[in-house]
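The values are calculated or read from the model by the stated rules, or taken from the named source; none is laboratory data. None of the values given here were measured: they were computed from a predicted structure. Every residue, glycine as well, gets a Cβ built from its backbone with ideal geometry; the counts of neighbours run over all protein chains shown. All accessible areas refer to the heavy atoms of the entire protein, side chains included, with ligands and DNA or RNA removed. Shrake-Rupley method; radii C 1.70, N 1.55, O 1.52, S 1.80 Å.
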Amino acid sequence: MVDFETARAQMVRRQIAGRGITDSRVLDAMRTVPREAFVTESLAEFAYDDSPLPIEEGQTISQPLVVAEMIAAAAVGPADRVLDVGTGSGYSAAVLSRIAAEVYTIERHEGLSESARRRFEWLGYDNIRSRIGDGSLGWPEEAPFDAILVAASGRDVPKALREQLRIGGRLIIPVGGRLGRQALLRVRRTGEDDYRSEDLGSVAFVPLIGEQGWAKDDPNDDPPQSTARAETTTRQTLDPVALIRDAAEPFAEIDSAEIDRFADRLRDARVVLIGEATHGTSEFYRTRARITRRLIQEHGFTTVAVEADWPDAARIDQYVRRRAPSPAEEPAFSRFPTWMWRNTDVQDFVHWLHRYNQDVNDPARQAGFYGLDLYSLAASIEAVLDYLDKVDPETARVARERYGCLTPWQRDPATYGRAALTRGFETCEAAVTSMLQDLLGKRLDYLHRDSESFLDAEQNARLVASAEQYYRVMYRGSAESWNLRDRHMFDTLEAVLAARGHNTTAKAVVWAHNSHIGNAAATEMGIARGELNIGQLCRERFGDAALLVGFGTDHGTVAAATDWDGPMEVKRVRPSHEDSYERLCHEAGPGRFLLDFRAEGREELQYALLQSRLERAIGVIYRPETELWSHYFEASLPRQFDAYIWFDETRAVEPLSATRVEGMPETYPFGL
Ligand code: SAM
């Protein structure tokens with residue numbers, strides 16, 4: 001026999017409070033309402049599991065956490081009149097009734113509505129009124145409401161529901177639908193005709209079937225023409241190409257006032273993350289450089305953190321901040337894919353940083369260049385040993401012992417990962433983590449000598465520890481290793497920000513591929529594969545103070561290889577796929593433009609683009625023959641990025657030659 005009271009208290013503690021819901025009214029209400037009374041007897045024992053459960057008519061009772069999140073997001077208070085759309089079992093209406101003054105709930109299935117009504121009666125919840133009907137039209141006779149919660153996913157935000165909000169009222173509704181992915185939106189009515197919409201994250205609900213919802217039970221189908229609505233605010237009547245054309249801010253040149261003005265709009269961010277749709281397109285590098293220069297020159301940004309290995313970027317940093325170069329066996333960025341950072345556009349930007357810093361006397365205000373990635377196991381081990389040899393030879397000896405565990409593998413660490421799968425193989429995990437801990441333990445001791453060198457050694461030791469783990473998990477699954485890599489990038493960014501700004505003031509620009517920068521929660525990689533990325537982690541950590549900027553292109557040329565470790569080729573980029581965001585941008589007209597999803601009056605554009613479409617990602621490998629399978633994924637562009645920069649035609653970056661660059665000084669970081 002299940003002890004429901006204990007199970008309920010435990011559910012609230014673990015699943016609700018334990019996951020960050022702090023609204024005490026919600027927690028108290030959920031401690032009171034017996035969820036077991038809202039499911040059939042045979043499922044009662046699962047009533048406090050962390051999941052939705054089936055109810056009659058093929059519907060579901062929502063997951064407890066989702067009910068809690070929606071009520072908390074609506075900030076429901078004791079004096080509120082609330083509309084609950086999609087009564088289902090009646091559980092969320094019941095929880096609401098323990099918080100609000102009056103609850104109105106609508107369900108389209110008569111049987112569900114009737115059972116819910118009986119439950120309310122039995123429990124004595126007499127401040128709930130229920131009715132059978134189409135909740136997408138709201139309950140106009142009882143409007144306005146302080147809060148409206150919709151437990152089924154709309155194609156868009158029903159006009160009727162928005163209009164039944166009191167000014168200051170909040171509507172919580174999932175919107176979207178394809179493949180079960182939806183965005184949970186909070187729409188606030190801020191004036192008679194003024195609404196503000198926010199995205200609260202990704203959810204999966206049953207469809208809202210009704211006049212202002214989906215036309216029939218399959219949300220993947222378009223509604224039949226006869227039932228499609230004529231309102232201008234609904235997605236199916238919006239023309240995304242026309243809306244893109246209207247919102248597009250065209251620019252002719254990269255070095256232009258339009259790009260500077262766009263950069264000025266990013267100035268209040270703590271972190272600006274700038275993506276790229278390929279790893280080999282000149283326009284993307286040059287635009288990032290232009291925006292970054294402006295942010296550094298005019299708006300106090302001091303950190304450029306890029307998708308490159310820490311030790312390589314450190315050599316660039318020594319050059320741009322005019323510090324003594326450390327000895328190295330190879331020029332920076334000599335490993336595959338060399339063109340990603342050894343190209344003329346990066347070279348120009350690095351020279352600019354070097355010149356800029358010349359006139360900045362305060363070291364705290366100089367712009368630095370840092371690497372976030374973790375592919376430099378051998379060079380990072382070498383850097384930690386070099387550092388310890390100088391500051392603490394005794395610890396250097398211990399470090400040699402410990403890192404010796406990885407020596408046989410460090411030139412080809414993937415083989416270490418494979419060997420680690422063998423039963424009985426002793427991994428180097430303990431050795432590399434102890435080394436990092438020792439270094440951190442002596443932090444105060446080392447820091448006072450030279451904080452820059454300590455940061456460098458610390459990050460290299462972190463990299464060794466992350467890389468050891470990365471190669472081990474690589475064979476277990478791509479999501480796990482991908483997540484580990486992006487978490488490492490995010491942790492490195494935080495460490496650099498802390499070092500540059502004592503935790504509060506430093507501002508950074510991050511350069512990485514769109515797939516790292518755009519919020520993974522809005523893409524197939526996040527939803528279907530559970531992958532996260534640095535853009536998502538920054539959004540979670542910094543909220544609106546993280547701005548995510550993506551790039552796209554239709555056609556042209558790109559620098560890429562056919563196979564990993566293969567030579568760089570200049571390849572032709574195929575015109576974009578007809579179902580892609582790129583095709584919409586291509587059809588919108590202007591060859592080059594900015595699309596700022598945050599700007600005033602972009603609600604319709606956001607709605608029109610919200611439903612996921614294909615998006616192209618070209619990395620260091622490009623295989624045009626299999627493009628649809630290997631380079632397209634699904635995403636919801638306005639949820640993925642805050643702004644998108646479009647170049648209809650683009651060209652490949654120009655790589656630097658492998659040897660020293662003609663005419664450059666010895667200290668030039670790309671030279672030998
Ligand atoms: N909150 C409910 C609970 O706690 O049991 C769960 C609701 S269930 C996820 C969604 C409900 O919305 C279903 O019962 C479905 O029949 C109902 N629904 C879908 N479209 C509707 C509409 N236009 N009007 C009213 N109810 C609707």
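Filter the stretch 273-323 for residues that are of a type in the set (S, T, N, Q) and open to solvent by less than 10 Å² (accessible area, probe 1.4 Å) and give the result. Result: Thr278, Thr281, Ser282, Thr287, Thr292, Thr303. Within the stretch 527-572, if we keep just the residues that are within 10 Å of the chain's Cα centre (by Cα) and open to solvent by 20 Å² or more (accessible area, probe 1.4 Å), the residue that is nearest to Leu484 (Cα to Cα) turns out to be Leu532.
Counting only residues that are farther than 22 Å from Ala546 by Cα and either modelled with pLDDT of 95 or more or of a type in the set (Lys, Arg) (or both), the stretch 594-614 holds 1 of them. Of the residues making up the stretch 247-272, those that are open to solvent by 50 Å² or more (accessible area, probe 1.4 Å), among the basic types (Lys, Arg) and either within 22 Å of the chain's Cα centre (by Cα) or outside the structural domain of Ala560 (by TED's automatic domain parsing) (or both) are Arg265, Arg267.
Where helices (runs of 4 or more DSSP H) fall wholly inside the stretch 61-178, the ranges with 3 or more residues that are within 12 Å of the ligand (Cβ to nearest atom) and open to solvent by less than 20 Å² (accessible area, probe 1.4 Å) are 64-73, 91-97, 110-123. In the stretch 138-154, the residues that are farther than 17 Å from Glu192 by Cβ form Cβ pairs under 7 Å with partners that are open to solvent by 10 Å² or more (accessible area, probe 1.4 Å) and more than 15 Å from the ligand (Cβ to nearest atom), at six or more places apart or across chains, as follows: Ala147/Asp80; Ala147/Arg170.
Condition check for Glu56 on (1) within 12 Å of the ligand (Cβ to nearest atom); (2) under 22 Å from Gly154 (Cβ atoms); (3) open to solvent by 40 Å² or more (accessible area, probe 1.4 Å): one failure, at (2).
Gly210 meets each of the listed conditions (1) in contact with a helix residue (DSSP H, G or I) (Cβ under 7 Å, 6 or more places away or on another chain); (2) at pLDDT 90 or above; (3) within 21 Å of Val95 (Cβ to Cβ) apart from (3).
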